[in-house]
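**Student:** The structure follows.
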Amino acid sequence: MSPLVEALWQAAALILHADSDLAEIVGLSLAVSLGATALAALVGMPIGAMAALFRFPGRRALVVLLDALMGLPPVVAGLFVYLILSRSGPLGFLGLLYSPLAMVIAQFILILPIVAALSRQVVEDHWREYEEQLRSLGAGPGRALPTLLWDGRFSLFTVVLAGFGRAIAEVGAVMIVGGNIAHVTRTMTTTIALEVNKGQLALAMALGIILIALAVSVNGSVHAAKHVAQRWGGQ
Amino acid sequence: MHGPQPILPLELREVVLALGGRRLIDGISCRFAAGLKTVIIGPNGAGKSLFLRLCHGLIRPTAGEIVWHGAAGRDPASAQAMVFQRPVMLRRSAVANIEYALSLQGLGRRLRRERVAEVLARTGLSEIADRPARVLSGGEQQKLALARAWALRPQVLFLDEPTSSLDPGASHAIEEIVRTLHAEGTRIIMTTHDLGQARRLADEVVFLHHGRIVEHAPAPAFFDGPASPLAAAFLRGELLWRE
């Protein structure tokens with residue numbers, strides 16, 4: 001049996017037997033990325049909606065900045081958070097570096113522009129379509145905001161999934177601020193990088209399979225959301 | 001007449017709307033008293049839709065004044081409604097679309113339910129009340145838009161070419177609803193491309209061309225003998241793009 005096939009069998013065995021190390025790593029990865037995604041949704045959607053509906057000084061600069069930061073390299077986000085949380089940084093006294101919370105912060109910074117920029121687009125598209133009707137009914141941008149968020153919920157769900165997909169798959173930021181410490185800050189992507197460097201492919205392949213399964217699930221959810229939106233909302 | 005105090009008459013004084021250096025509405029002055037059905041006609045680009053939007057307050061004029069004489073300091077917006085050429089339906093059920101409009105007016109749940117049930121029944125939409133509004137046919141959506149406007153019990157209803165993309169059956173249904181609304185006291189001000197519809201519905205006609213009122217006359221007088229050569233040419237079916 002070739003080493004590659006042997007590693008694949010071992011990876012399958014790790015998944016099927018729900019190996020405790022594997023489960024711990026997957027659990028931590030999901031907790032960090034879901035936490036970062038939830039935070040980014042809470043902060044990013046209102047920012048996106050405000051940028052879509054209201055005119056204020058600096059709005060155009062904000063929109064350009066959000067669009068530009070959608071392509072923020074994860075290592076840059078990691079470096080930024082590292083500098084802030086390191087012992088000599090402004091928030092170093094909190095002692096958060098090399099903790100899961102630091103990884104949440106790094107992923108939050110990474111995906112916030114994605115969630116905010118895509119939310120802005122969704123809300124703006126809906127506002128463009130609804131504006132005259134809503135204003136005719138007596139609703140200005142402020143009163144229209146909850147309506148637009150509700151009517152755009154399926155599209156916004158897709159936005160959140162895009163943010164989650166980006167967070168769960170990134171390696172650079174969590175490596176820098178988490179330190180890849182076993183049983184503390186070791187995520188799927190950092191473990192894959194480490195195990196490949198060590199030449200131990202079984203765990204790396206098992207985690208790779210799970211990551212791909214997650215990516216497929218996220219995509220499946222996006223398609224399901226679109227299907228539901230078309231069926232119930234006529235979107 | 002609906003509402004506590006009438007907001008009419010509506011008066012436009014030398015209203016101008018200029019965009020990009022062009023005067024799309026060019027010094028219009030006119031007055032609309034209560035009671036009639038006014039149909040605004042004119043060739044493409046005459047400014048019919050802009051005229052309605054100005055009256056309804058969706059666009060601010062560049063110059064001139066739009067005065068609701070009966071409003072007496074109150075906001076006249078809540079006593080008006082508008083139905084657009086292409087109905088805009090929220091991504092929710094037919095019922096929820098009407099309820100939403102009523103909730104913006106601050107009506108309580110019980111009153112909303114009663115109003116919704118009433119207008120759905122009167123527009124023949126009760127059967128499709130729970131269906132998503134955006135999957136309804138064009139005719140059903142336009143009827144729903146009218147039902148939504150009706151539920152608001154407006155004193156003045158603006159309609160911007162409400163049947164332009166509908167088949168004759170759906171157009172007939174819309175016209176019947178407009179007649180019923182008018183019979184119940186709602187002032188109708190609408191635009192149309194369809195001269196037949198204008199003849200069927202209009203009590204008075206406003207003929208617009210290049211953002212100006214060329215003729216504002218009672219419907220029988222306008223259709224039997226228009227005072228202006230432009231209106232006469234339009235009624236004969238001539239194209240007015242050069243004038």
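The values are calculated or read from the model by the stated rules, or taken from the named source; none is laboratory data. Everything numeric in this text was worked out from a predicted model, so none of it was measured. We place every Cβ from the backbone using ideal geometry, glycine too, and count neighbours over all the protein chains shown.
**Student:** Is it fair to say B:Arg53 is of a type outside the set (Gly, Ala, Ser) and either at pLDDT 95 or above or touching a Leu at 6+ places or on another chain (Cβ under 8 Å) (or both)?
**Tutor:** yes
**Student:** Here is a follow-up. Between A:Ala40, A:Ala13, A:Ala18, which is among the aliphatic types (A, V, I, L, M) and surrounded by 13 or more Cβ atoms within 10 Å (Cβ to Cβ)?
**Tutor:** A:Ala40
**Student:** Any residue in the range A:148-164 that is farther than 30 Å from B:Val88 by Cβ and buried (at least 21 other Cβ atoms within 10 Å of the Cβ)? Let's see the steps before the verdict.
**Tutor:** Applying the first criterion (farther than 30 Å from B:Val88 by Cβ) to the range A:148-164 yields A:164.
Keeping just the survivors that are buried (at least 21 other Cβ atoms within 10 Å of the Cβ) gives A:164.
There is at least one residue in the range A:148-164 that is farther than 30 Å from B:Val88 by Cβ and buried (at least 21 other Cβ atoms within 10 Å of the Cβ).
**Student:** Report yes if A:Leu66 is surrounded by 18 or more Cβ atoms within 10 Å (Cβ to Cβ) and within 14 Å of chain B (Cβ to nearest Cβ), otherwise no.
**Tutor:** no
**Student:** Of all helices (runs of 4 or more DSSP H) completely enclosed by the range B:111-215, which ones contain at least 2 residues that are outside the structural domain of B:Gln5 (by TED's automatic domain parsing) and buried (at least 20 other Cβ atoms within 10 Å of the Cβ)?
**Tutor:** Numbers: elements: B:138-151, B:168-183, B:195-201.
Here the list reads B:138-151.
**Student:** A further question on this structure: Restricted to the range B:77-92, and to residues that are outside any loop (DSSP other than H, G, I, E, B) and surrounded by 21 or more Cβ atoms within 10 Å (Cβ to Cβ), which residue is nearest to the other protein chains (Cβ to nearest Cβ)?
**Tutor:** Residue satisfying both the conditions and the ranking: B:Met82.
**Student:** Taking the condition in the same structural domain as B:Asp167 (by TED's automatic domain parsing) and in contact with a helix residue (DSSP H, G or I) (Cβ under 6 Å, 6 or more places away or on another chain), does B:Ile59 pass?
**Tutor:** Values: in the same structural domain as B:Asp167 (by TED's automatic domain parsing): yes; in contact with a helix residue (DSSP H, G or I) (Cβ under 6 Å, 6 or more places away or on another chain): yes.
So B:Ile59 passes the test.
**Student:** Tell me, which residue of the range B:46-71 that is without any contact (Cβ under 8 Å) to a residue 60 or more places away in the chain and in a loop (DSSP other than H, G, I, E, B) is farthest from A:Ala139 (Cα to Cα)?
**Tutor:** B:Thr62
**Student:** Got a number for residues in the range B:101-110 being within 12 Å of another protein chain (Cβ to nearest Cβ), surrounded by fewer than 19 Cβ atoms within 10 Å (Cβ to Cβ) and not in a loop (DSSP other than H, G, I, E, B)?
**Tutor:** Qualifying residue count for the region: 2.
**Student:** Right, next: Can you confirm whether A:Ala169 is under 17 Å from the mean Cα position of the chain (by Cα) and buried (at least 23 other Cβ atoms within 10 Å of the Cβ)?
**Tutor:** no
**Student:** Since A:Leu137 meets every condition but one in (1) out of contact with any strand residue (DSSP E or B) (no Cβ under 9 Å at 6 or more places or on another chain); (2) aliphatic (A, V, I, L, M); (3) modelled with pLDDT of 95 or more, which condition does it not meet?
**Tutor:** In the conditions (1) out of contact with any strand residue (DSSP E or B) (no Cβ under 9 Å at 6 or more places or on another chain); (2) aliphatic (A, V, I, L, M); (3) modelled with pLDDT of 95 or more, A:Leu137 misses (1) alone.
**Student:** Under the condition of being hydroxyl-bearing (Ser, Thr, Tyr) and under 24 Å from A:Ala51 (Cβ atoms), which residue from the range A:84-135 is surrounded by the most Cβ atoms within 10 Å (Cβ to Cβ)?
**Tutor:** Step one: list which residues in the range A:84-135 are hydroxyl-bearing (Ser, Thr, Tyr), which gives A:86, A:88, A:98-99, A:119, A:130.
Among the residues that remain, those that are also under 24 Å from A:Ala51 (Cβ atoms) are: A:119, A:130.
Working: A:Ser119: 29, A:Tyr130: 20.
Residue satisfying both the conditions and the ranking: A:Ser119.
**Student:** Tell me which residues, restricted to the range A:117-138, are within 8 Å of chain B (Cβ to nearest Cβ) and either over 23 Å from B:Gln85 (Cβ atoms) or touching a Ser or Thr at 6+ places or on another chain (Cβ under 7 Å) (or both).
**Tutor:** A:Gly138
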